[in-house]
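Can you keep this structure in mind? I'll have questions shortly.
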Amino acid sequence: MFTNKTLITKSPVSAGEIIREGGVVVFPTETVYGIGASSFNHDACLSIYRIKNRPPDNPLIVHCHSIDQVTEIAHLTGKARVLLERFAPGPLSLILKKRDPRIFSTGLSTVAVRIPAHPTARALLEAANLPISAPSANLSGKPSLTRFADVVAVFDGKVEGILEGEPIEWGLESTVIDLSTPIPRLLRPGSIEKEDIESVLGAPVEIPHSPELLSPGVKYRHYSPEGQLFLVDSLETFTSVAKPPNARDSKIQEEDSPIRIAKIGFGFQPQSERELLVASNEEYAAKLYSFLVDCDHNQVTHIYCQKPKPGKLYAALMNRIQKAGAIG
Ligand code: TXA
Ligand code: MG
């Protein structure tokens with residue numbers, strides 16, 4: 001089913017009908033927007049790859065409304081039950097052994113499952129009454145989207161439905177934990193921290209040396225704006241273009257293009273609308289992707305991201321800033 005007419009709606013029931021009929025719907029979750037289809041409809045799932053230009057070996061997260069639904073599609077281990085009872089609904093994805101062969105997967109024997117907390121996502125899952133396979137709603141390689149207007153700008157005319165709902169709370173994608181092996185592994189840091197998982201399990205969680213071998217999506221360039229991104233300790237010094245000495249292969253051809261600077265971080269005096277002051281790691285996480293999207297809209301050439309503060313969300317923020325191609 002492909003159409004260039006997109007229904008933009010606030011009705012989870014209408015959006016759920018589109019999913020049931022084999023269409024693709026963009027919808028909000030508490031982390032970032034997702035672009036979803038019925039997990040049972042392989043053609044609809046494949047069209048998500050076409051729309052996003054997503055590499056075909058990068059599997060999708062299956063969104064479920066309840067632990068019972070997870071149990072139908074995957075083998076729920078004791079550890080998985082303990083984690084879901086503590087953190088679901090919420091920003092946690094678990095890799096489990098797949099149980100229901102009808103679920104779309106990219107040839108893997110495992111499946112990522114997540115029970116989102118966002119009320120609009122939950123209403124959609126209830127209306128569709130099906131598991132929904134959904135990656136983040138962004139073109140592959142570009143920053144994930146956290147604002148409704150950005151979603152409409154990118155996906156209107158490309159999907160059957162866009163569901164509007166409550167604003168997004170977290171701004172960074174879910175924590176991904178692999179429970180398909182005896183020792184749990186952190187494949188992607190998020191707002192539920194490694195230490196949170198360890199304390200609930202009462203057992204250590206490994207950080208694999210090469211998560212890209214275990215989680216296909218991790219090896220691809222992600223979240224990447226057009227400008228060159230720099231990870232810096234302090235923002236004050238970067239008032240004109242001052243590249244860190246180790247800057248290499250800048251994407252910018254400096255002779256031909258005007259220099260435009262943007263900054264995000266703590267405790268500095270913003271000098272323009274492209275400079276974003278945040279008060280905490282939570283605010284940094286909530287605004288990072290929309291800041292990067294704005295950098296592209298404003299043809300920013302040099303983006304300075306200050307290192308997040310030690311503590312909560314540090315690992316998730318560093319992971320996303322580095323995946324976005326930061327030098328420094
Ligand atoms: O917060 C989120 O998780 C958002 C919202 C929409 O739910 N979704 C999201 O999906 O971030 P995506 O596709 O952008 O990231 C999913 C990650 C990818 O790195 C993918 O490779 C990994 O999860 N993944 C999915 N299934 C897997 C599997 N069976 N084994 C290993 N990794 C898997
Ligand atoms: Mg993604």
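The values are calculated or read from the model by the stated rules, or taken from the named source; none is laboratory data. All values derive from a computational prediction rather than experimental measurement. Cβ: placed from backbone, ideal geometry, glycine included. Neighbour counts: every protein chain shown. We work out accessible area using only protein heavy atoms, side chains counted, and drop any ligands, DNA or RNA first. Shrake-Rupley method; radii C 1.70, N 1.55, O 1.52, S 1.80 Å.
For the pair E195 and D100, how long in nm is the line joining their label points, each one 7 Å along Cα→Cβ?
Simple spin-label model gives 3.8 nm for this pair.
If I stretch the segment between I67 and A203 completely, what's the gain in nm (0.36 nm per residue apart, minus their alpha carbon distance), one decimal?
46.7 nm
Heavy atoms only, probe 1.4 Å: what % of the accessible area of the stretch 151-210 goes to carbon and sulfur, would you let me know?
Here carbon and sulfur together make up 53 percent of the probe-accessible area.
So, one more: Considering the chain as a Gaussian network with a 10 Å cut-off on Cα pairs, which listed residue, N129, N281, N298, attains the greatest mean-square fluctuation?
In the Gaussian network model the winner is N298.
Further, regarding this structure: Can you tell which of T77, T110, T181 shows the greatest fluctuation in a Gaussian network model of the chain with Cα springs below 10 Å?
Comparing T77, T110, T181 in the GNM, the peak value goes to T181.
Any idea how far the Cα center of the stretch 291-306 sits from the one of the stretch 45-121, in Å?
Measuring centre to centre over Cα atoms gives 32 Å.
While we're looking at this one, here's another question. Name the residues whose placed amide hydrogens come within less than 5 Å of the amide hydrogen of E275, ignoring near sequence neighbours (fewer than 5 apart) on the same chain.
Under 5 Å from the amide H of E275: K263.
First check a/c for the stretch 1-71, with a ≥ b ≥ c the square roots of the eigenvalues of its C-alpha gyration tensor; if it is under 1.5, answer rounded, and if not, answer prolate when a/b is larger than b/c or oblate otherwise.
Rounded is the answer for the stretch 1-71, as its axis ratio a/c remains below 1.5.
Using Cα pairs closer than 8 Å and at least 6 residues apart in sequence, work out the relative contact order for the chain, in percent.
Once normalised by length, the contact order is 20 percent.
Going by amide H atoms built from the backbone, whose H comes under 5 Å of the H on L187, apart from near neighbours?
Here V176, I177, D178 satisfy the definition.
Return one whole number: the accessible area per residue of the chain in Å², for a 1.4 Å probe.
I get 43 Å² per residue for this part.
Out of all DSSP beta bridges in the chain, what portion is antiparallel? Express it as a percent rounded to 5.
About 40 percent, rounded to the nearest 5.
Next question. Counting each DSSP H run of 4 or more residues in the chain as -39500 (n - 2.57), what helix-only mean residue ellipticity at 222 nm follows after dividing by all residues, to the nearest 500 deg cm²/dmol?
Result for the chain: -8000 deg cm²/dmol, rounded to the nearest 500.
Anything over 20 Å Cα to Cα? Flag those among K142/K323; K5/K287; K52/K142; K194/K312, in the order listed.
In this structure, K5/K287 lie more than 20 Å apart at Cα.
Same structure again: Restrict the search to the stretch 1-49; then list the chymotrypsin sites (Phe, Trp or Tyr not before Pro) that DSSP places in a loop and that have at most 14 other Cβ atoms within 10 Å of their Cβ.
F2
What are the aspartates and glutamates whose alpha-carbon lies under 15 Å from the alpha-carbon of K158, with same-chain residues fewer than 8 places away excluded?
Straight-distance partners of K158: D150.
Here's another thing I want to ask about it. Using 0.36 nm times the number of residues separating A153 and S210, minus their current alpha carbon distance, what extension gain do you get?
Taking 0.36 nm per residue and subtracting the Cα distance, the gain is 17.0 nm.
Tell me, in nm to one decimal, what length is gained between E126 and K287 on full extension, where the rule is 0.36 nm per residue of separation less the Cα-Cα distance?
Going from the current span to full extension adds 55.1 nm.
Who wins for biggest fluctuation among A117, A37, A203 in a Gaussian network model of the chain, springs between alpha carbons below 10 Å?
Its mean-square fluctuation being the largest, the pick is A203.
Please give, to one decimal in nm, the separation of the simple spin-label points placed at T9 and T237, each 7 Å out from Cα toward the Cβ.
For T9 paired with T237, the spin-label model returns 5.5 nm.
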